[in-house]
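For reference, the structure is listed below as structure tokens.
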Amino acid sequence: MKHKKDWFKELVIYQIYPRSFQDGNGDGIGDLKGMAERLDYLKELGINAVWMSPVYASPNVDNGYDISDYYRIMEEFGTMEDWEAFRDGAHERGIAIIMDLVLNHSSDLHPWFQESKKSRDNKFSDYYIWRDPAEDGGAPNGWLSVFGGSAWEYVPERGQYYLHFFARQQPDLNWANDEAREKILDIVRFWNKKGVDGYRIDAISYLDKGLDGRADMSQAFGTSSCANLEGTHQYIQEMVAKTIAPDHLMTVGEVIVNTPQDAWNYTSASRGEFNMAIPFIPPIVEIETWSPTNFKKNLAETYETLKKDGWWARFLSNHDKPRQVSLYGNDGAYWKESAKMLASYLHTLPGSPFVFQGEEIGMTNIKLPSIDDYNDIDTRNYYKTMLQEGASEEEALRVSQNISRDNARTPMQWNSSVHGGFSLAEPWLPVNPNYREINVEQQLQDEDSIFHFYQKLIRLRKENPVMVYGDFQLVSETEGPVIAFIRSLEGTAWLAVHNFSEEEQKLCWDGVRADSEVILSNYSSREGRDGEIPLRAYETVIVKLS
């Protein structure tokens, strides 16, 4: 595909979690053949880019985010020929391919690490982060891994510890080594030649470890201690300049954003880093701290920071989060209304919207009966930590169910047949039991479905530049469950109003009229008067002002 300079701004990006999308060979695991079979569905939805979670060779300690060979396809997912067939099929339908790059760490089974751990003086010895033991023989410092326990692992052959910010099977790469860094850039060049259109880059905020004293050692987690150091920005700028910018490929970085300045540092065009960024927030933090009021504060701050030369990745769901209708909406009495409201909220914001598979049909969280039923390493480790801290098994399971990344990873619900049409074999992860009520086939036949609502939103975005390039102005109160804003561009102005509550609410704003044209709503009728919009439970309405 040929890319114009700012082509990424007009993307609606659909994230596929390959293991859970469609099983194409009957082994209970989603794969590239299954993905290719569903390309017409994606075209019908209207999206124009697909981000696929990692499909590289991996032992799957962290479901593909531990890569043992960046140049091969995971056997469970198929072959390079299968990947090329998906690429070609997507491009034929006008769908760009966004690959997931994991460049902070590799698998411990990667040949580089297998050689690196043998001795201190071989070619690969400095490709990873090694340190001598502390005076007492223990870990070099007290950093903790995101997945629990120490971030350091001892290797007797070297008499040293290696650093792993995630699982111990995910050793961190040493970007400070010039030869290792060039080898990493070669990976990007390889996939560029394969015809990818862009990259989502995983866990990229801590390439510079700051172990020379620059890291904030008051933080327990290494990922917090060294996040966003200047060396990381320099490495990203080098990578983009050498491998991505020349072909105008799209980039989105998964980053730590502690302040609006962090967002600007990663996404300002003047910096030469990413086109947009996905801020990473641990699920437990998101569950405990989110609110419509906080959403409004964040919207105002990031818009002012980035409006000149930055851009926004807009998402409520991905493979690391609970299902959005279960977290931010109401997956019971107001399931359909709240799912549509969340969609409308996301797609009317400035920036590029990301749709996570199943979101477009309102898939919900799942509550598996036992911790043994969970596949996610983070969920199992969190459960274990809660027990160690004194929680009961019942409480530890309840919290783990709510935060588990497996909520987003259950198989796609295509129809009401066995296993939801995902596979004829027993799936690698259980299908949500509500697949008989919530599935693609049923929603394609229902003009009032969540799917068709998404379809309308995506079409509106493609046909109305105000949704992509329009200015943004909040008009709702600073606090409270109503988020309302104006998008305006060259004489066109739309008002988008969203009620994040099952209680009736009201927007009072002088600019709206009783006879204003309703562009889209999740209710079939609207009442109101000049200067006022009454809102029912989880109501969303887009009104044309001019």
(message) Once you keep just the Cα pairs under 8 angstrom separated by 6 or more residues, what percentage relative contact order results for the stretch 176-270?
(response) 35 percent
(request) Decide, for the stretch 344-431, between rounded, prolate and oblate: order the square roots of the alpha carbon gyration tensor eigenvalues as a ≥ b ≥ c, take rounded if a/c falls under 1.5, and otherwise choose prolate if a/b is larger than b/c, else oblate. (result) oblate
(request) Would you mind computing, in nm to one decimal, how far apart the modelled labels at ILE281 and VAL155 are, each placed 7 Å from Cα along Cα→Cβ? (result) 3.7 nm
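Which of rounded, prolate or oblate describes the stretch 445-546 when judged by the alpha-carbon gyration tensor and an a/c cut-off of 1.5?
Judged from the Cα gyration tensor, the stretch 445-546 comes out oblate (a/c at least 1.5, b/c at or above a/b).
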(request) Using only C-alpha atoms and all pairs of different ones, pull out the Kirkwood radius for the stretch 1-158 in Å with one decimal. (result) 18.2 Å
(request) For the stretch 174-324, just the Cα set please: Rg and Dmax, both in angstrom. (result) 16.1, 47
(message) Would you work out the Kirkwood radius for the stretch 353-511? I mean one over the mean of 1/r across all pairs of different Cα atoms, in Å.
(response) 19.2 Å
(request) Whole Å is fine, so just give me how far the alpha carbon centre of the stretch 321-375 lies from that of the stretch 100-148. (result) 37 Å
(message) Which lysines, if any, have their Cα less than 27 Å from the Cα of LYS296, not counting same-chain residues under 8 positions apart?
(response) LYS9, LYS307, LYS308, LYS321, LYS336, LYS340, LYS456, LYS462, LYS506, LYS544
(request) Mind jotting down the distance between the C-alpha centroids of the stretch 457-530 and the stretch 1-66, whole Å? (result) 32 Å
(request) If a/c stays under 1.5 just call it rounded; otherwise compare a/b with b/c (prolate if a/b is bigger, oblate if not). Do that for the stretch 68-168, with a ≥ b ≥ c from the square roots of the Cα gyration tensor eigenvalues. (result) prolate
(message) Give me the Å³ per residue figure for the convex hull around the C-alpha atoms of the chain.
(response) 149 Å³
(message) If R₀ is 35 angstrom, what is the calculated FRET efficiency for the pair LYS194 and SER417, using the beta carbon separation as r and rounding to 0.05?
(response) 0.50
(message) Just to be sure I understand the model, the point goes 7 Å from the Cα along the line to the Cβ. What's the resulting ARG120 to ARG398 distance in nm?
(response) 5.2 nm
(message) Could you work out how much longer the chain between ARG131 and LEU489 gets when fully extended? Use 0.36 nm per residue separation minus the Cα distance between them, nm to one decimal.
(response) 123.3 nm
(message) For Cα pairs less than 8 Å apart in space and 6+ apart in sequence, what is the mean separation divided by the residue count of the stretch 295-377, i.e. the relative contact order in percent?
(response) 34 percent
(request) Taking every pair of Cα atoms in the stretch 190-264, average 1/r, invert it to obtain the Kirkwood radius, and report Rg/Rh to two decimals. (result) 1.04
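Every read-out reported here was derived from the displayed coordinates using simple, explicitly stated rules and does not represent laboratory data. Source: prediction; values computed, not measured. Positions of Cβ are generated from backbone atoms using ideal geometry, with glycine treated the same way; all protein chains shown enter the neighbour counts.
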